[in-house]
Structure formats: C-alpha cells, structure tokens
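Reviewing the structure listed below.
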Amino acid sequence: MNRAPTRGFEEDVGARTTHHLMYPESAVNLDNDTNLVLIPYKTQDLQWLISAFTTGTIKHKLRFEANCEAVYKKANQRLHCLRKLSSFHIDRKMLTMFYRCFIESVISFCLVSWFSNLPLKNKNSLNQIVRWASRLIGEPHLNLETLYTRQLQRLVGYIKDGSHPLHGEFQPLPPGRRFKMPAGNTKSTYQPVMSRIKANREKVQIFSPTFMKYTKDNWMDKHGRYPSTGFFSLLFALHICDEVSVFGYGADKHGNWHHYFEDNVGNGFRKTGVHGGEHEYNMMVRLNATNKIRMFS
C-alpha cells in the first residue's frame, strides 16, 4: 500500500494477485500485473485518477470528455464482438445478454458521476453505440438518458431506507429540491502528487465509499477522523483472502506509524493524529488473538 515496496519482501507462493492500495498523495508507479486500488478520501481523488491516465491535469470544470472517449473506445471494441455474434445468427436473447453484460455495463458504469456534465457531442457518440447495438440485436435498448435517470431514482430508495449505508449521506436543503453538499476540501493536497502514473489501466479499482463508511462506523468506535490506509487495507484483505498475514503494522497513541521498509524506529515518526492509531493497533491485536490474522513485527 501507499509507497511501500513489494519487490524483495514477497515470498513465492505460486499463483498470486497483487493489489496496491493508494491515494494520490501516496501514489507510485506499478508494474503491469498489479491491481491499482484507489482509496478516494475526497472528490478530487477521483478527478486525479482520470487525469493521471490521460492529460495529467485535473480539470475543475468536470466535463469528463477524456473519460467519455475512453468509454466509447472500449464499448466500440466490444461492439465488434456483437457484430460477429449477430453474423452467426445467434438467438436474440443471447445477443441481448451479451450487450447488457459487456457493452451496456461499460457505458453506464458510474453514469451519475459524469453523464450530466458531458457536452452534447459526447452524449451523442455514446448513444450511437446503443443505436448500433439495437440494430444488430433487432430490438430497441435504453438510451443513456434513460439509464442515467434510473440511476438517479435510486437515491429515493436510499433516502427512504434507513438501514442503507448511504441513508445519512443525503441531507435535503429547504425547500427539499436539492441536497446539501458534503463538507470537504478539494482545492489542495497536503503534499505534491504525481501528475501521471504508470500502471495497467485495465486493472484499476476504486475502494467503495460505502465500505469506507462501514469501516469507520463499525470498527473505529469514533476514534480518529477516518481510518488509515493500513486499516482499510487490512479489512480489504479480510474480505477477499482466506488467510491474512500483516507485516510492519504498528502505531503509538498519536497514530505515528512504523513501516517494515523504513529504518525509523525510535526517531519520531510523522504525526498522523487524524487516524485512531492506538485503537487500530488494538483491533489488530484482538484479530491476531482470535486467529483471524497473523501479525509479524
């Protein structure tokens, strides 16, 4: 995670999948086989992810043209496969299934985040993919405007469902037609970040904000402003791995961390009081005591 190296610290266990968790301030270049997992602490982190693979400059107008072009290219490539299947006279239901799984899922992913700010030219290019697919299949399919509206309507369900993790995140402003903007600073970062990053863009993943909220609400017991990257990484591993071993985890009561790759024992670590370091460490000790994880110093 973050700027921690893996080369020289790993042990060959046969087939493996490597996930590297980071946020913009801790970004490093990765090899082609490693999954980049972005932890979006703020809205600007998502803007950075797009810019780091495209222009290298964060555009605060949030028009998302570069993202649209990338989505269009990917969908157009998969449209070629749909043409081939159609030429083989595949059943219409199978063609529809392929379209929804491999094309519609691509052009509608996180649609509510970027579609409304697209210029008309970009919207038309994406809808052209839908029209071409509809002709190949032989029946009409939902355009992007309809898919976008459907995703927005899910907000109503979140607001009414008190048990939903995102229920408390939507607070209406008087007279109830708009929602309150979440508090946060997206104008600057606490240190310079890489404008571009080398990594496999096909292996980019985004840490779910819902899972981040779950971690804070259910594991932190109101300690710290938000969990550390290390603790997020630990819970991420617990949810996807059969066995979890951790190395170099440890913090004092101020949240000052020691890392396995740094020779900084006893010389005043960087203060990270925004995290509940002592509480996180105690939680890891409890997990170790119950054999949920194995801790190594």
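The values are calculated or read from the model by the stated rules, or taken from the named source; none is laboratory data. Since this is a predicted model, take the numbers as computed values, not measurements. Cβ placement follows ideal geometry from the backbone for every residue including glycine, while neighbour counts extend to all protein chains displayed.
Brief remarks follow.
- Qualifying residue in segment 146-156 (condition: touching a residue at least 12 places away in the same chain (Cβ under 8 Å), in contact with a Phe, Trp or Tyr (Cβ under 7 Å, 6 or more places away or on another chain) and either under 30 Å from residue 180 (Cα atoms) or surrounded by 14 or more Cβ atoms within 10 Å (Cβ to Cβ) (or both)): yes
- Test result for residue 196, modelled with pLDDT under 90 and within 23 Å of residue 49 (Cβ to Cβ): yes
- Candidates 115, 109, 102, filtered to the one that is outside any helix (DSSP H, G or I) and under 30 Å from residue 46 (Cβ atoms): 109
- Conditions (1) in contact with a helix residue (DSSP H, G or I) (Cβ under 6 Å, 6 or more places away or on another chain); (2) assigned to a helix (DSSP H, G or I): number failed by residue 227: (2)
- Contact map, segment 196-215: first residue farther than 21 Å from residue 28 by Cβ, second residue in a helix (DSSP H, G or I) and aliphatic (A, V, I, L, M), Cβ cut-off under 6 Å, separation 6 or more or different chains; pairs are 215/235.
- Criterion (outside any strand (DSSP E or B), surrounded by 12 or more Cβ atoms within 10 Å (Cβ to Cβ), at pLDDT below 85 and out of contact with any Gly (no Cβ under 6 Å at 6 or more places or on another chain)) met by exactly one of 62, 85: 62
- Some residue of segment 277-289 being under 21 Å from residue 220 (Cα atoms), at pLDDT 55 or above and assigned to a loop (DSSP other than H, G, I, E, B): no
- Among the residues here, residue 25 qualifies as charged (D, E, K, R), out of contact with any Asp or Glu (no Cβ under 6 Å at 6 or more places or on another chain) and not assigned by TED's automatic domain parsing to the domain that holds residue 138.
- Any pair with Cβ under 6 angstrom, 6 or more apart, that starts in segment 88-108 at a residue that is polar (S, T, N, Q) and ends at one that is assigned to a helix (DSSP H, G or I): 96/137; 108/147
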